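Asker: Here's a structure for you.
The values are calculated or read from the model by the stated rules, or taken from the named source; none is laboratory data. If you're wondering where the values come from, they're calculated on a predicted model, not measured in any experiment. Quick reminder, even Gly has a Cβ in these numbers, built from the backbone with ideal geometry, and neighbours come from all protein chains shown. Ligands, DNA and RNA are excluded from the accessible area calculation, which covers all protein heavy atoms including side chains. Shrake-Rupley method; radii C 1.70, N 1.55, O 1.52, S 1.80 Å.
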Amino acid sequence: MAQHTPGKPLPEISDLTRPFWAAAKNRKLVMQKCKHCGTLNFYPKPWCIECGDRGLEWVEVKPRGTIYSHTVAHTVMMNFPAWKDDLPVVLCIIELDDGPRMYGQLTGCPPEKVHIGMQVEAYFEDISEEAAIPKFRPA
Ligand SMILES: [Zn+2]
């Protein structure tokens, strides 16, 4: 796995996921949409999660949502020491306003203030020449 800073892994970008990372680099959140039934897929897959159709197109979704669930990491695994400076790390499942749920890190909010139903918005942090990662902050 490639590294952008020592101890922090980069995503493995494939033909399937490249549009997501490239859009994030352009400060846009995109997901696959089924041309047959309209379902939004996340994470990227070769087929629709609802009907199995392989006719998918990338569409922009609103970078806003609410916290569906969250946890706070107070320690780091030994193989990712660079996260130590970020502790505590708030990890969330975000239910986007457009429907899909995605994982994300919440920043800009003390861990004790995070709550389910909290409104958040995405922002994008560059991690390489070809990708940025969506993170979330209070809206
Ligand atoms: Zn479908």
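Asker: Looking for whichever is closer than 18 Å to Glu125 by Cβ and not acidic (Asp, Glu) here; the options are Arg54, Arg27, Arg101. Which one fits?
Answerer: On the way: Arg54 fails: closer than 18 Å to Glu125 by Cβ; Arg101 fails: closer than 18 Å to Glu125 by Cβ.
Matching residue, one of Arg54, Arg27, Arg101: Arg27.
Asker: Here is a further query. Among (1) touching a Leu at 6+ places or on another chain (Cβ under 8 Å); (2) more than 16 Å from the ligand (Cβ to nearest atom); (3) over 18 Å from Pro110 (Cα atoms); (4) of a type outside the set (S, T, N, Q), where does Pro81 come up short?
Answerer: Among (1) touching a Leu at 6+ places or on another chain (Cβ under 8 Å); (2) more than 16 Å from the ligand (Cβ to nearest atom); (3) over 18 Å from Pro110 (Cα atoms); (4) of a type outside the set (S, T, N, Q), Pro81 violates only (1).
Asker: Ala82 versus (1) out of contact with any Pro (no Cβ under 6 Å at 6 or more places or on another chain); (2) closer than 18 Å to Ile133 by Cα: which is the lone unmet condition?
Answerer: Answer for Ala82: the failing condition is (1).
Asker: Return a yes/no flag: does the stretch 58-71 have any residue that is open to solvent by 40 Å² or more (accessible area, probe 1.4 Å), farther than 20 Å from Ser14 by Cα, in a loop (DSSP other than H, G, I, E, B) and in contact with a strand residue (DSSP E or B) (Cβ under 8 Å, 6 or more places away or on another chain).
Answerer: The answer is yes; a qualifying residue exists.
Asker: I'd like the full set of residues that are open to solvent by 40 Å² or more (accessible area, probe 1.4 Å), among the hydroxyl-bearing types (Ser, Thr, Tyr) and away from the ligand (no atom under 16 Å from the Cβ), limited to the stretch 14-56.
Answerer: Correct list: Ser14 only.
Asker: Specify which of the listed residues (Thr107, Thr75) is hydroxyl-bearing (Ser, Thr, Tyr) and at pLDDT 90 or above. Steps first, please.
Answerer: Details: Thr75 fails: at pLDDT 90 or above.
Among Thr107, Thr75, only Thr107 is hydroxyl-bearing (Ser, Thr, Tyr) and at pLDDT 90 or above.
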